[in-house]
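Asker: Sharing a structure with you now.
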Amino acid sequence: MNALCRESLLCLMEDVEAEDPIDYADLPFDERNLRELIVDSLLERELTFRAEEPDEARRMLVYLAATARLTLENLVLHARLLRAGLEEE
């Protein structure tokens, strides 16, 4: 993670979004500002986490668990939105 800086992480996010765009719909947020907010928060957490847990393999395991949880949460929210859309018809 040493080579990962704010700008490179922002570029990686944009690359991922290019292949799988996020639908911001009509939300009143600036997409770039939202990305910056998330990246800044993650990098700040990584600095703290690195000091608390020097074992990179253990940190990676925690990141994978967090990613799995966020992916599951996203799936559930998406399913709920789909169901709500079907119920409105």
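Asker: I need the full set of residues from region 28-61 which are surrounded by fewer than 10 Cβ atoms within 10 Å (Cβ to Cβ) and not in a helix (DSSP H, G or I), in order please.
Answerer: Listed by number, the residues that qualify are PRO28, PHE29, PRO54, ASP55.
Asker: State whether one or more residues within region 65-87 are acidic (Asp, Glu), in the same structural domain as MET13 (by TED's automatic domain parsing) and surrounded by fewer than 10 Cβ atoms within 10 Å (Cβ to Cβ). Steps first, answer last, please.
Answerer: Initial filter on region 65-87 (acidic (Asp, Glu)): 73, 87.
Within this subset, residues satisfying the condition of being in the same structural domain as MET13 (by TED's automatic domain parsing) are none.
Within region 65-87 (the criterion being acidic (Asp, Glu), in the same structural domain as MET13 (by TED's automatic domain parsing) and surrounded by fewer than 10 Cβ atoms within 10 Å (Cβ to Cβ)), the answer is no, since none of the residues qualifies.
The values are calculated or read from the model by the stated rules, or taken from the named source; none is laboratory data. This is a predicted model, so every value here is computed, not measured. Glycine gets a Cβ as well: all are built from the backbone with ideal geometry, and neighbour counts include every protein chain shown.
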